[in-house]
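Q: Starting off with a structure, shown below.
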Amino acid sequence: MKISVALLVLLLAAAWVGSHGLSFHSSKVTCCAKKRFFRGRIPESKIQGYQDTSPTCTNKAVLVTLQRGSACVDPEQRWFQEYLRKQKKPNSTSQ
């Protein structure tokens, strides 16, 4: 009986997490303090990926995943906007 109750609770918890579009990994809100912003240009070859910080954060930022760690970037910086445009372009070498 105890095992079936525990299994039911686990199943309900998994259904609740799934229905809210959350995962245990991404449920943590990441924000960037102004003093943590990287001010320079990051070479594209070093960028592994990026994600916007939560809209509830004080500072609007993008968390850029690098080969070694991560950095907070102002999404309005010209170099980052250029990087985004290049990412959205279709791959011209596949034609």
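What follows draws every value from the coordinates through simple rules; no lab data is involved. Everything numeric here is computed off the predicted structure, so don't read it as measured data. Cβ atoms come from the backbone with ideal geometry, glycine included; neighbour counts cover every protein chain shown.
Q: Could you give every pair whose Cβ atoms fall below 8 Å, whose first residue belongs to the range 31-42 and is under 11 Å from Asp74 (Cα atoms), and whose second residue is assigned to a loop (DSSP other than H, G, I, E, B) and of a type in the set (D, E, K, R), counting only separations of at least 6 or pairs across chains?
A: Note: pairs meeting the criteria are Phe37/Asp74.
Q: State all residues of the range 40-73 that are within 21 Å of Thr30 (Cβ to Cβ), over 14 Å from the mean Cα position of the chain (by Cα) and among the charged types (D, E, K, R); if no residue qualifies, say none.
A: Matches in the range 40-73: Lys46, Arg68.
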